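A short write-up of the structure that comes next.
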Amino acid sequence: MMKFSIAFCFLFAACFASAAPGQWMPEARLIENIIVEGDVGGKALIVIQGGVPADYIPAGCNSPYNTLDLSISKGRAQLAIALTAYSTARPVKLALQCIGERPLITHIML
């Protein structure tokens, strides 16, 4: 009986967890703009239509420009997904972490 009670408490807590930076956005949104900046390596800035909800942006980097690091293959793959979503008008979900003044996209879901 005790094991059942503990398991129920964990399930209940997981279902009602509040939003936190680093988690997926609650709803998918369209990409409004994609900006590529810099030379070798560079960065891509992704602007989400209506912005990312404030609860999902890490503290200290509340910028509308969500960053992709193009110096690594993961960032280039994420840019390919973002370009596909933008060109086909499909909404995306993001998960972010803070890097400098701009949020860094750690995950993107098409």
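For residue 30, the amide hydrogen comes within under 5 Å of the amide hydrogens of 49, 92, counting only partners 5 or more places away or on other chains and with H modelled in the peptide plane.
Across the range 23-39, rounded Karplus estimates of 3J(HN,Hα) from the backbone phi angles (6.51 cos²θ - 1.76 cosθ + 1.60, θ = phi - 60°) give 8, 5, 4, x, 9, 6, 9, 6, 7, 7, 8, 10, 10, 9, 10, x, 9 Hz, Gly and Pro being marked x. Short to long, the 5 Å bins of the Cα pair-distance histogram for the range 23-110 hold 3, 16, 29, 29, 17, 6, 1 percent of all pairs. For residue 22, nonlocal amide neighbours, meaning residues 5 or more places apart or on other chains whose placed amide H falls under 5 Å from its own, are 96. The phi-based Karplus calculation (6.51 cos²θ - 1.76 cosθ + 1.60; θ = phi - 60°) puts the 3J(HN,Hα) values of the range 94-110 at 10, 10, 10, 9, 8, 9, x, 8, 10, x, 9, 6, 8, 9, 9, 10, 8 Hz, whole numbers, x for Gly and Pro.
Each reported figure results from applying straightforward, stated rules to the coordinates on display, with no laboratory input. From a predicted model like this one, the values you see are computed outputs, not experimental measurements.
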